[in-house]
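Nothing in this text is a laboratory measurement; each read-out follows from the coordinates by a stated rule. Since the model is a prediction, treat every value here as computed from it, not as a measurement. Positions of Cβ are backbone-derived with ideal geometry, glycine not excepted, and every protein chain shown enters the neighbour counts.
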Amino acid sequence: MGTQDASGDEDCLFCQIANNQSEAEILLSDDELVCFRDMKPGAVHHYLVVPRRHIDNCKTLQRDNVSLVERMEEMGRSILQKNQVCDLDDISKMNMRSQLRYGPQSHWFITVDKVLSQLKTGGKVK
Ligand SMILES: [Zn+2]
């Protein structure tokens, strides 16, 4: 994570995955998004959905990214359905280290609801 611009970056791991330049197995993809298993899973079902177009982080999202975020959430749900995760408790079974790394108090954590409501009200993502 750095301060690259939005044009993609050779050093960006997610862009490498999206361009099939990494070992990661792409589980789902369309012309806009790719989904793969986290390399250091914090839970049995820990998947990432990233846009093919490089986006630095949630805070650089704009209002016109609303539908993109919604489609990312949709793909996240479909990978869980595909893997027959019906019990949402399963998803939250993280070990302690992962909870610290990915949980609500971590720097990276933001819920889809929060992103969408902030974008839709015209504000930026905080
Ligand atoms: Zn990238």
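Before moving on, here are some points about what is shown:
- As a length-normalised measure over Cα pairs under 8 Å and 6 or more apart, the relative contact order of the range 13-120 settles at 25 percent.
- Those residues of the range 97-120 whose amide nitrogen sits under 18 Å from the label point placed on Leu13, 7 Å along Cα→Cβ: 97-103, 106-110
- Model label points for Asp64 and Asn20, set 7 angstrom from Cα along the Cα-to-Cβ axis, are 3.0 nm apart.
- With eigenvalues of the C-alpha gyration tensor scaled by 5 and rooted, the range 13-120, Å: 20, 18, 15
- The length gained on full extension between Thr121 and Val85, counted as 0.36 nm times the residue separation minus their Cα-Cα distance, comes to 9.7 nm.
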